[in-house]
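Enquirer: Questions regarding the structure given below will be posed in turn.
The values are calculated or read from the model by the stated rules, or taken from the named source; none is laboratory data. All figures in this text were calculated on a predicted structure; none of them were measured in a lab. A quick note on method: Cβ atoms are made from the backbone with ideal geometry, for glycine too, and the neighbour counts reach across all protein chains shown.
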Amino acid sequence: MATQRLGIIMNGVTGRMGLNQHLVRSIVAIRKQGGVALSNGDRVMPDPILVGRNAEKVAALAKQYGIERSTSDLDAALKNPDDTVFFDAATTQMRCDLLTKAINAGKHVYCEKPISDSLDKALAVAKLAKQKGIKHGVVQDKLFLPGLRKIQLLKESGFFGKILSVRGEFGYWVFEGDWGQPAQRPSWNYRAADGGGIILDMLCHWRYVLDNLFGNVKAVSCLGATHIPSRVDEQGKTYNADVDDAAYATFELEGGVIAQINSSWVTRVKRDDLVTFHVDGTHGSAVAGLTRCYTQHRVNTPRPVWNPDEPQTMKFQDQWEEMPRQHGLRQRLQGAVGRFHPPPDRRHAVEIRFA
Ligand SMILES: NC(=O)c1ccc[n+]([C@@H]2O[C@H](COP(=O)([O-])OP(=O)(O)OC[C@H]3O[C@@H](n4cnc5c(N)ncnc54)[C@H](O)[C@@H]3O)[C@@H](O)[C@H]2O)c1
């Protein structure tokens, strides 16, 4: 049994996503468990070098998480032939240029979404990656949510019959910052010049969720709205929020499924989770949140009668059955996340998708 070292140049690890999801919950966790087991019994052990603008800050982070290497010199890091993967979770605006630089330096690349704020740039970097023959991947994390894995299981088991439609509701109230609670998202999310906007942030997720679970997206119509045009930033300064903070989208999928997904940072939640997907099929329906999933088969479908003269007597929420926890899901996910070369049926989960 051998241990293979995998040198990863990690950029943007001081940010929300870079630190919590990618450094702490992925790389540090994988290192703690002794690496990722390969099918031949070998293990892959990630050996990251943390990169950031502020040398002291990344050095402190590295120390805190038991990582030996950090630097503020990205160019020098890219020159090290022993580090074969470049990862980026920093600002959206810079991603495409950084990926281009890393690909030209011969690195494999993996990154947060979106890969760019413009289609032309995204296509150019994807083509470059293909041309250079490197491995390339972008986060498609929502596919691995237990709630959506359960939807996948229902689909594979034939539970839905023919899937007719999907309705997604994503969002919650993001405080404006000028009263009560401080805003719980970074202010750049609400500025066009900084790569903000909910369409840029969320529609890339919906694209791969729909493509992979319900059918390739053939057409999309999306109305973006800026409901709250002024917000207060981290320094207490009022700024113009000049991007969409809500998006109302309808998708037509191959196979005839119609999907509607609302994404909003200006909505108050009265549903089971911050995102829910309601799937209607001829034989059954299901509603999934991040982890839970409820089903209603055709034989259990009630027969409500429209009668505005009487208060509703049916408790619709009680007419659904919760799916049990899926054993084996954790192991399957660890396998999927750990492999740089996923098996063909998961390949979609790590390839850069064209918009
Ligand atoms: N997969 C998901 O569900 C998900 C969720 C949130 C954000 N994201 C993506 O992750 C990325 C980061 O988002 P975040 O919420 O962590 O943001 P953040 O503001 O918390 O972090 C941004 C990071 O970029 C760095 N940075 C900012 N400006 C820079 C500059 N000029 N030069 C060098 N570094 C710079 C910061 O130091 C920090 O490390 C974005 O592209 C965003 O779209 C993905």
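Enquirer: When you scan region 152-183, how many residues do you find that are more than 23 Å from Asp117 (Cα to Cα) and assigned to a loop (DSSP other than H, G, I, E, B)?
Expert: 16
Enquirer: Against the definition (within 16 Å of the ligand (Cβ to nearest atom) and not in a strand (DSSP E or B)), how does Arg149 come out, yes or no?
Expert: Spelling it out, it is not the case that Arg149 is within 16 Å of the ligand (Cβ to nearest atom) and not in a strand (DSSP E or B).
Enquirer: Looking at region 153-162, can you tell me whether even one residue there is more than 20 Å from the chain's Cα centre (by Cα), over 21 Å from Leu210 (Cα atoms) and of a type in the set (A, V, I, L, M)?
Expert: Checked region 153-162: no residue is more than 20 Å from the chain's Cα centre (by Cα), over 21 Å from Leu210 (Cα atoms) and of a type in the set (A, V, I, L, M).
Enquirer: Do we find that Asp201 is of a type in the set (Asp, Glu) and exposed (fewer than 15 other Cβ atoms within 10 Å of the Cβ) in this structure?
Expert: No; evaluated as a whole, the condition is false for this residue.
Enquirer: Give me the pairs: first residue in region 99-118 and under 15 Å from Met17 (Cα atoms), second residue within 12 Å of the ligand (Cβ to nearest atom) and in a strand (DSSP E or B), beta-carbon distance under 6 Å, and six or more apart or on different chains, which are they?
Expert: Tyr110/Phe87; Cys111/Asp88; Cys111/Val138; Lys113/Val138; Ile115/Val138
Enquirer: State all residues of region 305-329 that are modelled with pLDDT under 95 and in contact with a helix residue (DSSP H, G or I) (Cβ under 9 Å, 6 or more places away or on another chain); if no residue qualifies, say none.
Expert: Within region 305-329, Arg325, Gln326, Leu329 qualify.
Enquirer: Test Ile49 against the stated conditions and say whether it is more than 22 Å from the chain's Cα centre (by Cα), within 16 Å of the ligand (Cβ to nearest atom) and in a strand (DSSP E or B).
Expert: Considered against the rule, which asks whether it is more than 22 Å from the chain's Cα centre (by Cα), within 16 Å of the ligand (Cβ to nearest atom) and in a strand (DSSP E or B), Ile49 comes out as yes.
Enquirer: Would you pick out the residues in region 3-46 that are within 15 Å of the ligand (Cβ to nearest atom) and in contact (Cβ under 8 Å) with a residue 60 or more places away in the chain?
Expert: Ile9, Met10, Asn11, Gly12, Val13, Gly15, Arg16, Met17, Gly18, Gln21, His22, Ser26
Enquirer: Between a residue in region 185-204 that is farther than 13 Å from Thr92 by Cα and more than 9 Å from the ligand (Cβ to nearest atom) and any residue that is assigned to a helix (DSSP H, G or I) and among the polar types (S, T, N, Q), which pairs come within a Cβ distance under 7 Å, given they are 6 or more apart or on different chains?
Expert: Matching pairs, first to second residue: none at all.
Enquirer: Scan region 63-82 residue by residue and report those that are crowded, with 21+ Cβ neighbours inside 10 Å and within 22 Å of Gln4 (Cβ to Cβ).
Expert: Those that are crowded, with 21+ Cβ neighbours inside 10 Å and within 22 Å of Gln4 (Cβ to Cβ): Ile67, Ala77.
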